[in-house]
Amino acid sequence: MQTEALIATPRTPAFPSRLPQVGTTIFTVMSALAHAHGAVNLGQGFPDFEGDPRLVDAVGEAMRSGLNQYPPMTGVPALRAAVADKVQALYGHRYDADSEITITAGATQAILTAILCCVHPGDEVIVLEPCYDSYAPNIELAGGTVVRVPLMPGSFRPDLARIAAAITPRTRLLIINTPHNPGASVWTRQEMQQLAEILRPTDVLLLSDEVYEHMVYDGRAHVSAASVAELAARAFIVSSFGKTYHVTGWKVGFVAAPAPLSAEFRKVHQFNVFTVNTPMQHGLAHYMADPAPYLELSGFYQRKRDLFRAGLQATRLRPLQTEGSYFQCVDYSALSDLPEAEFCRFLTTEIGVAAIPLSAFYAGGFEQRVVRFCFAKKDETLQMALQRLARL
């Protein structure tokens, strides 16, 4: 009896949450709902088709060749060189492959690491809403203060006057995203040059999220921060092999930044993930010798965009302009006054097509009766979704 009294009930200690406001993401929620109801999932942003077999074969060959141990912390030299060559060819800026290019475990890790390396407690970080859902939690983990500046409703263009007004002596970093998720806008060269003028008298750093850099339409050009010298000098530029090559599950991306910024980035990177999947890096380096897959990507996705937009004409959904990315936003105000999250639930459970409410990309849940579809899908997937949406 005495021994039994000494045996305590197992207890898991409680502790204060670092992210008390964060729950399950809307992408997970909507994908689960789509699966439960057999809906066509145009919510979460990933393709339902495979990448190029040549790329898969290149990774397999790297594995069979014994390239399965840790690579250098900063990334496989051949891949860093390929990235530096591509950026110079497309945007006219030469990054040193050894000191200014770092291979990351996807763009999301790159964004977190960039924020952690430069944002200190009390620093302010400007984000442009609606924005990718990792930005604000990353800033909070670093102890920074999120300063939200809205993009122009409907067009999702940057309001440069409001960006300028938001800068204070405490501003450490500004995050921009072009082509934009979820709004599908693409910054013009004039807008990027105006941004350079705004930042010129400041010490504000720039994080330029360019993961959809190869998805721009109707003859537009992606204007990378790398192509504007004043911005390149203060920017962490983030991109994604997963988005470009239809292999989002591989989680491989890169950051290009001036050597002083890269040095700080790498201090965090080495204790965050240390390094990234070796055979995939070698496979990507081999595959990048042919630029056609990324040079032809805009045409590939523009055809899918146009197919989807044409099909939407049979519905009362009004498509907003899609200049880039693989997302299509639609205004549903002509057929419902439901809040966006409820309308997405209705679409999924009653119509059989999953979408994402745009309000999920705003901290305050700003309602515009706009939802986002992803058209990075097989043509037959898009046709099936359009047949169901035609019921609206």
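The values are calculated or read from the model by the stated rules, or taken from the named source; none is laboratory data. Predicted, not measured: the structure shown is a model, and the values here were computed from it. Here the Cβ is made from the backbone with ideal geometry for all residues, glycine too, and neighbour counts use every protein chain on show. Only protein heavy atoms, including side chains, enter the accessible area calculation; ligands, DNA and RNA are left aside. Shrake-Rupley method; radii C 1.70, N 1.55, O 1.52, S 1.80 Å.
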For the pair residue 162 and residue 48, the simple spin-label estimate (label points 7 Å beyond Cα toward Cβ) gives in nm 3.5
Given N residues in region 1-125, what is its alpha carbon radius of gyration divided by 2.2 N^0.38 Å? 1.71
Residues in region 167-203 near a label at residue 120, defined as backbone nitrogen under 15 Å from the 7 Å Cα→Cβ point? 169-173, 203
How far is the Cα center of region 312-362 from the Cα center of region 52-124, in Å? 35
Top of 319, 53, 16 by mean-square fluctuation, Gaussian network on the chain, Cα under 10 Å: 16
Over the chain: Rg over Rh, Cα atoms, Kirkwood Rh: 1.00
At q = 0.25 Å⁻¹, the log10 of I(q)/I(0) for region 113-190 from a Debye sum over equal Cα scatterers comes to -1.19
Compute the projected area of the convex hull of the Cα atoms of region 236-392, averaged over all viewing directions, and report it in nm² to one decimal place. 12.0
If I model region 301-345 as equal point scatterers sitting on the Cα atoms and use the Debye formula, what is log10 I(q)/I(0) at q = 0.17, 0.18, 0.24 Å⁻¹? -0.53, -0.58, -0.90
Might you tell me the accessible area per residue for region 179-254, computed with a 1.4 Å probe and given in Å²? 30
Would you work out the relative contact order for region 159-232, in percent, from Cα pairs under 8 angstrom that are 6 or more residues apart? 38
Under 37 °C and 0.692 mPa s, how fast does region 144-230 diffuse according to Stokes-Einstein, given a Kirkwood radius computed over C-alpha pairs? Answer in µm²/s, whole number. 241
Net length gained if the chain between residue 141 and residue 274 were fully extended (0.36 nm per residue, minus Cα distance): 46.0 nm
Taking region 145-195 on its own, what percent of its Cα-Cα pair distances exceed 11 Å? 72
How far is it, in nm, from the label point at residue 233 to the one at residue 342 when both lie 7 Å from their Cα along the line to the Cβ? 5.3
Please give the charge dipole size of the chain, origin at the Cα centre, charges +1 on K and R Cβ atoms and -1 on D and E Cβ atoms. Round to the nearest 20 debye. 300
Expressed in square angstrom to the nearest 10, the accessible area of residue 267 with a 1.4 Å probe stands at 110
When you take every Cα atom in region 170-271, what is the radius of gyration, and what is Dmax, the widest Cα pair distance, in Å? 14.1, 42
Can you tell me the length gained on complete extension of the stretch residue 69 to residue 350, counting 0.36 nm per residue apart and subtracting the Cα distance? 96.2 nm
Compute the Rg to Rh ratio over region 128-169 from the alpha carbon atoms, using the Kirkwood formula for Rh, and round to two decimal places. 1.01
Relative contact order for region 125-168: what is it in percent, counting Cα pairs under 8 Å that are at least 6 residues apart? 40
Each label sits 7 Å from Cα toward the beta-carbon; between residue 300 and residue 96 the label points are separated, in nm, by 3.4
With all protein chains present, region 132-199 has a carbon and sulfur share of its accessible area (1.4 Å probe) in percent of 51
Regarding region 227-287, what are the three Cα extents along the principal axes, ordered largest first, in Å? 33, 29, 19
Averaged per residue, what accessible surface does region 288-369 expose to a 1.4 Å probe, in Å²? 41
Here the relative contact order (percent) of the chain, from C-alpha pairs under 8 Å and at least 6 apart, is 24
Can you give me the % of accessible surface on region 239-392 that is carbon or sulfur? Probe 1.4 Å, all protein chains present, nothing else counted. 52
